[in-house]
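Chemist: The structure follows.
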Amino acid sequence: AGFLARSRSHPVRTADVPFPPHPRDPFAQILGLTLAEMSILLLPLDVANRAACTESIVLSACNFALPMELLWYAVYMAMFVMMVAIVPFTLFYYEQDHDMSAWGKTVSSGWWIGGTVTVLALILGLCYGFLGYVDFPVTTLTSGLAPLGAPALDAAHKCIAPDSFASNGVSDGLACDANGGVPTETWSVRTSFPVYVIAVGSVLSWVLFICFGGVGIFAIPIDLVKSFLGRPKKVIAKSEYIRIAGKVAEQTKAVMADAREVQREERGTGKTRKTRRALAEINKRLVQLEEDELILQKMYPQGEDRDASWTVTVMGYYASLGGGVVCGIVSILWMLHIGLYMFPDPPQTPFLNRFFVDLDAAFGLLGTGAFALFCLYLIMCVIKGNVKLGFRLLLWTVYPMRLGNTLMSAFLFNVNLIMLSSLAVIQFCAKAFDGYAAETSVSDIFGQEIENLRGLGAIFRENVLLYIFFGVACLSAIVLGTDEVKASRQPRRNLDSM
């Protein structure tokens, strides 16, 4: 979390955010990212905690090492406090007029947060009051009684029909056979408020997970391999470095001159389609110049030991290639698991569930460790999709994240999105690995209560969101792959020819 914060944060105006443990690491964003990642790691902890009791012992008789259900609720409530209060407060504080005093910023941010929390509490309270019930389908089965040796026992296959003994064993009753046409009733029970908050948050979380995770699951391996293919091939001399740096500086001055010209035109005519198109082109040129600067710095290593620096750079690119291959395999395994285990009813194969069980049979921690890595990979896909896609309103990106140039307000906003997305990641993993993570506390929360929640349960029970995620992931793989093929056919920009 700290590395991501330092690599993305803008170096200017980051020290005035409240409670910073590091001038460029505000407390809110570090804690938010840590909570998002640690909540995913609660899944393998829950599985290991369930393994404390053998399968022959019922759950009610187990003496677990950890109260996992309470831990899940505690983590979820901490994340909601972060998303609703702490991160927004820091964001509002940072966006205040810098001429205001610290007390004035605190009071103004407090009013904004107070209003936001009040509105959310009213909405959640009303929804919980009217819809906060779990509707369980219940089938009532009734069995009759008969003495040993009676004809009713000889004719019974599964149980004794309720009126069989009274009628001397002649009966067509079906009330004791769940498959014999017994009607199903609905048993409604009030759910707890934390579970209802988790369910409402999960719906919003799935929207973000579909967008960010669907894009990131293939963007990670594609971008890692792309980084290796576009690596600098050689070290340049100092004179060449000075010459290319001068060219980059000249192009930067030209871009700035064009930007000032567009600004003068905007002051005269206002924002028009022509000026918006010109600003978009200027922004594209600036991004290209930033990439040229990064490549130039890698082609001419700085410091006392340039050879060692270049060796580390080359090793980093080969590590990127290896990571891209591994991530590509993991992404394909995820898609196969969805298609073979989660979509069919009954599943065609346990697939990754069986893989984890076999690893546990070989060595106790292997299965749990692999399970944790597969779950943690999804939250990394969400972060990658958030960085690559951003939060879009129609065609406009709100609070984009850029390497070394992300403002603190943008970072705080996106940290909130990542924390919210982690709810869907946990629910997705609990459903995907319900064979391996059976009878855990998280499976009880998401499997029994939320899937039968009134008004929202059908969305999760019928896998509607899962189908959309699978479609978005396949579409993103096609689009990203097509874009890379088109880019490879175009002449590559060469700094040596500048």
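Chemist: Could you list, in sequence order, the residues of the stretch 269-282 that are surrounded by 12 or more Cβ atoms within 10 Å (Cβ to Cβ) and polar (S, T, N, Q)?
Modeler: T275
Chemist: While we're here: With the checklist (1) open to solvent by 10 Å² or more (accessible area, probe 1.4 Å); (2) of a type in the set (G, A, S); (3) at pLDDT below 85; (4) assigned to a helix (DSSP H, G or I) in hand, flag the one item A410 doesn't pass.
Modeler: Of the numbered conditions (1) open to solvent by 10 Å² or more (accessible area, probe 1.4 Å); (2) of a type in the set (G, A, S); (3) at pLDDT below 85; (4) assigned to a helix (DSSP H, G or I), the odd one out for A410 is (1).
Chemist: Among the residues of the stretch 427-435, are any of a type in the set (D, E) and more than 20 Å from the chain's Cα centre (by Cα)?
Modeler: Let us first name the residues in the stretch 427-435 that are of a type in the set (D, E), namely 434.
Retained after the next criterion (residues that are more than 20 Å from the chain's Cα centre (by Cα)): none.
No; the residues of the stretch 427-435 include none that is of a type in the set (D, E) and more than 20 Å from the chain's Cα centre (by Cα).
Chemist: Would you call F356 open to solvent by less than 20 Å² (accessible area, probe 1.4 Å), hydrophobic (A, V, I, L, M, F, W, C) and out of contact with any strand residue (DSSP E or B) (no Cβ under 7 Å at 6 or more places or on another chain)?
Modeler: The answer is yes for F356.
Chemist: OK, next. Considering only residues that are exposed (fewer than 13 other Cβ atoms within 10 Å of the Cβ) and modelled with pLDDT under 85, look in the stretch 240-268 and name the one that is farthest from L289 (Cα to Cα).
Modeler: If we take residues in the stretch 240-268 being exposed (fewer than 13 other Cβ atoms within 10 Å of the Cβ) and modelled with pLDDT under 85, then G268 is farthest from L289 (Cα to Cα).
Chemist: Residue check, P301 against (1) out of contact with any Ser or Thr (no Cβ under 9 Å at 6 or more places or on another chain); (2) open to solvent by less than 50 Å² (accessible area, probe 1.4 Å); (3) not in a helix (DSSP H, G or I), all met but one. Which one?
Modeler: Every listed condition holds for P301 apart from (1).
Chemist: Name every residue in the stretch 446-464 that is closer than 21 Å to I338 by Cα and out of contact with any Gly (no Cβ under 7 Å at 6 or more places or on another chain), in order of residue number.
Modeler: Initially, the stretch 446-464 is screened for residues closer than 21 Å to I338 by Cα, giving 446-448, 450-451, 457-464.
Those that are closer than 21 Å to I338 by Cα and out of contact with any Gly (no Cβ under 7 Å at 6 or more places or on another chain): F446, G447, Q448, G457, A458, I459, F460, R461, E462, N463, V464.
Chemist: Considering only the stretch 428-463, state which residues are farther than 18 Å from R354 by Cα, part of a loop (DSSP other than H, G, I, E, B) and either of a type in the set (A, V, I, L, M) or in contact (Cβ under 8 Å) with a residue 60 or more places away in the chain (or both).
Modeler: The answer is R454, G455, L456, N463.
Chemist: Further question: Would you mind stating whether L475 is modelled with pLDDT of 90 or more and open to solvent by 30 Å² or more (accessible area, probe 1.4 Å)?
Modeler: yes
Chemist: Report the residue count in the stretch 92-118 for those that are under 16 Å from V81 (Cβ atoms) and free of Cβ contacts under 8 Å to residues at least 12 places away in the same chain.
Modeler: 2
The values are calculated or read from the model by the stated rules, or taken from the named source; none is laboratory data. What you see is a predicted model; the values in this text were computed from it and never measured. Note that each Cβ is placed from the backbone with ideal geometry, even for glycine, and that neighbours are counted across all protein chains shown. Ligands, DNA and RNA are excluded from the accessible area calculation, which covers all protein heavy atoms including side chains. Shrake-Rupley method; radii C 1.70, N 1.55, O 1.52, S 1.80 Å.
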